[in-house]
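Inspection log for the structure reproduced underneath, given as C-alpha cells.
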Amino acid sequence: MASRITSGARLCVRASIDRLVCNLSRNRHHNAVTAGVETAAVRRGSDRLLQCYQKQLNRIRSDHQRNHCRRYTTLQDTDTDSLTSIDPYRLLDDDLRDIYTNITRELELNTNQDELRTIATYYFDGQGKALRPMVAILMAHAINYHMNNNGLDKKQKEVAMIAEMIHSASLIHDDVIDQSDFRRGKPSVNALWSHKKVAMAGDYILAVTSMMIARLNHNDVTITLSQIITDLVQGEFMQLGSKETENERFAHYLTKTYRKTASLIANSVKAEAMLAGADDQLVDVSFEYGRNIGLAFQLVDDLLDFVSSKDAMGKPTAADLKLGLATAPVLFACEKYPELNAMIMRRFQEPGDAERAFELVHKSQGLEQTRFLAKKHCLEATRLAGKIAESPYQKSLLVVPDLIVNRMK
C-alpha cells in the first residue's frame, strides 16, 4: 500500500475505494493521465466534484447491495505480461459470430412489414463494437466456470442478444431526439426514414426484446432486465434538463450516465450470473463489475467527443456541446473557467458558445480529470474480476477495462 494517499482518496468513504485510490497513487508514474504525469492541479481541481460524485455513486450502489456487509480483498498485482496477448473478441468468436444474424432473425420473424424489418435491422450489420454482448457472454462463461457449470446456456446467450437489442433501440430513439444524420460511419436511420417510422421501429425492437425476456421464464432475471429499460427512459428525460449549481450538475450527470449507459451493462451481467445460479455475493460482484465498466465507457466516450475525429468515431465529434449537453470534461473545466456555468444553463445556445466551451475544455484539466476518473472505474472493475475463479474468460474480464480506457472510437 502506498505510504501517501492522494487528496481524491479522502473523499472515498468505503475501505475498498480507499484501497483503489491508494493503488492508483502508488502507480501514478506508470499510469499518467497525460503524456506527462498526473499533476497536482488535476487532483486539487477534482476534489469538490469528486466528493459529490462519490456520494452519488454510493447512492446508486446502495440500491443494489444486500443488507449484509461484505469485505473485499485487494486484488493482487496482475501479471500484465500474461494478459497482453488476450483478445476477448477472439476468445468469444464462436459465441459472437452469429449474434447479429440471430437478432435479425428474431426481428424479421415477428413482423410482416418489410419496411419495419429494414429499419429495425439497420444497425445490426456487425459494424458496431458489440461491447455489451461481449461483456455479457464473457461474464456468463466466467461465472459458469466459477460455478462448475457446463458451457454457455442458451438463455445466457439470449441475454447478450437482449442487451444489444435494447442498446440499438436506444440509438434509434436517440437519432430521432438528437436529429442525427450520421452514425457508425453511415447515414443514420433518422436521415433515411421519417421520424414517425424510426420511432416506431425503436419501439418494435423493445417489444421483441420483451417477448424474449418473457421466454427466459425467470422472474428475477425478468425484473433485472426490465430495469434496464426503465433506467434508459429516465436517463433520456434527465438529459433534457440541467441543474443550477455545480455539485447538483455533477450528481445529475452521473445519475444520467448510470441510467443511460452503465445500467444496461451492469444488469445484463447480473442477469447472466443469476442464470448461472450464482449466490448473492457473486451476483453483486458481477453487477458492480458491469457498473464500473459502463461508467468508464461513457466517461471515455465523453472524452473522445473532444479529441477524436469524425472518421474514427463514425459520428460527428463535439456533438454533445451542439446538443446543449454538459458532460464530464465541461463540468470539470468549470472549476478553472466559471464562465462555462452560464453557457451550461443556456445549453450553449448563444452564437459562439459551443466553440468557446470546446476551447476552454482543452485549456483546462477537464480532459485529464475525466480520464483519471475513467481509470479509477477501470481499476475497480479489475479488482472485482479478481474475485472470480481464474479461467481464460476471467482473464479476459481483466483485459476489458484496458480496452475501455485506451479505445479511440
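The values are calculated or read from the model by the stated rules, or taken from the named source; none is laboratory data. Keep in mind that what you see is a predicted model, and the values were worked out from it rather than measured. Cβ: placed from backbone, ideal geometry, glycine included. Neighbour counts: every protein chain shown. Just the protein is used for accessible areas: all its heavy atoms, side chains included, with ligands, DNA and RNA removed. Shrake-Rupley method; radii C 1.70, N 1.55, O 1.52, S 1.80 Å.
Quick notes on this structure:
- 3J(HN,Hα) along segment 366-371, derived from phi through the Karplus expression 6.51 cos²θ - 1.76 cosθ + 1.60 where θ = phi - 60°, amounts to x, 5, 5, 5, 5, 5 Hz, with x in place of Gly and Pro.
- Leu240, Leu299, reordered so the largest accessible area comes first (probe 1.4 Å): Leu240, Leu299
- Karplus (6.51, -1.76, 1.60) ³J(HN,Hα), θ = phi - 60°, over segment 139-151, in Hz, Gly and Pro reported as x: 5, 4, 4, 5, 5, 4, 5, 4, 8, 6, 7, 9, x
- Seen through its C-alpha gyration tensor, with square-root eigenvalues sorted a ≥ b ≥ c, segment 184-236 comes out prolate because a/c lies at 1.5 or above while a/b is bigger than b/c.
- Taking label points 7 Å from Cα along the Cα-to-Cβ direction, Ala342 and Lys186 give a separation of 4.6 nm.
- Only one residue of Leu303, Thr101, Ala169 has its Cα farthest out toward the positive end of the dipole of segment 88-407, where Lys and Arg carry +1 and Asp and Glu -1 on Cβ, and that residue is Leu303.
- Under 5 Å, built H, 5+ apart or other chain: amide partners of Glu335: none
- Cross-link pairs exceeding 18 Å in C-alpha to C-alpha distance, out of Lys157/Lys270; Lys157/Lys186; Lys129/Lys395; Lys336/Lys363; Lys270/Lys387; Lys155/Lys256, comprise Lys157/Lys186; Lys129/Lys395; Lys155/Lys256.
- Extension gain, Glu115 to Asn406, is 100.9 nm, computed as 0.36 nm per intervening residue step minus the present C-alpha separation.
- Normalised per residue, the accessible area of segment 293-405 is 34 Å², obtained with a 1.4 Å probe and no contribution from ligands, DNA or RNA.
- For the pair Arg215 and Ala389, label points projected 7 Å from Cα toward Cβ lie 3.0 nm apart.
- With every protein chain in place, segment 88-407: carbon and sulfur % of accessible area (1.4 Å): 49 percent
- Net charge dipole size for segment 196-338 [Lys, Arg +1 and Asp, Glu -1 on Cβ; Debye, nearest 20]: 600 debye
- In terms of packing, defined here as the mean over residues of other Cβ atoms within 10 angstrom, the peptides 324-332, 172-180, 124-132 line up highest first as 324-332, 172-180, 124-132.
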